[in-house]
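**Student:** Please read through the structure below; I'll follow up with questions.
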Amino acid sequence: MDNINYMQIIFSFLIMINPVILTSFFLSITKDYTNKEKCFIASLVIIIGFVFLGNFLLKLFSINIYDLYIAGGLLFIVVGMSMVLGKGNESNSPKKDGAGMPIQREDCRTLGVVPLAVPMASGPGTIVFAIVYAGQCETVVSRSLLILIIVCVMILAWICMLFATKLGQMMGKAGQAVVSRLMGLLLMAIASNMIIHGIKQAFHFPLK
């Protein structure tokens, strides 16, 4: 597909992986977890896996790529609205028992995969973007650039987790809230574009 907007791809993955929110979530579940590489590797494998297997899965379930544009766009509208309204952070707080004490997770070794990698870093939204943009990047060069973008965004998220405590102190709750709302607005704009594009292609409307 011609005219690939790489800046949109970069911002899409930045918003969905969202290193700032991921860092906040990381701080909220545990301060003792040190195996951050597990989250990085697991997320990278999942996202890149869908870059290569996404088209096969769509054909397997007889789903058109433009159906995914519309469904994904609607999903991102809901996610973006949640970010703008500040309703997407309730799950970031550790659960408490009846006495109000934080509940410790049974196996801290799994935190790198669940919930840090799935669903926080490589959730449904990130997977949809991976499949959609893989459909646009059909050449070897464009597909390589797509993978490079994903790797760079994941490295940024990993660096943010390495310095999670310092970043949390610098930004504070207010700073994280502002960034989250701005990203939510951008996500809703990208989602609107996806829905419009999907509808035009699905119903064969002329593209401008």
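**Student:** Taking the stated definitions as given, is VAL128 modelled with pLDDT of 80 or more, part of a helix (DSSP H, G or I) and within 15 Å of the chain's Cα centre (by Cα)?
**Tutor:** So VAL128 fits the description; yes.
**Student:** Which condition does GLY86 not pass, out of (1) assigned to a loop (DSSP other than H, G, I, E, B); (2) modelled with pLDDT of 50 or more; (3) at negative phi, if it passes all the others?
**Tutor:** So the condition that GLY86 fails would be (3).
**Student:** Ok, one more. What residue, of MET161, MET194, MET171, is modelled with pLDDT under 85, crowded, with 16+ Cβ neighbours inside 10 Å, in a helix (DSSP H, G or I) and touching a Phe, Trp or Tyr at 6+ places or on another chain (Cβ under 7 Å)? Lay out the reasoning, then the answer.
**Tutor:** Values: MET194 fails: modelled with pLDDT under 85; MET171 fails: touching a Phe, Trp or Tyr at 6+ places or on another chain (Cβ under 7 Å).
After applying the criteria, what remains is MET161.
**Student:** A further question on this structure: Among the candidates PHE50, PHE11, which residue alone is closer than 16 Å to LEU185 by Cα, surrounded by 15 or more Cβ atoms within 10 Å (Cβ to Cβ), at pLDDT 75 or above and out of contact with any Ser or Thr (no Cβ under 7 Å at 6 or more places or on another chain)?
**Tutor:** Only one candidate qualifies: PHE11.
The values are calculated or read from the model by the stated rules, or taken from the named source; none is laboratory data. Because the structure is a prediction, the values reported are computed rather than measured. Note that we place each Cβ from the backbone using ideal geometry, even for glycine, and neighbour counts take in every protein chain shown.
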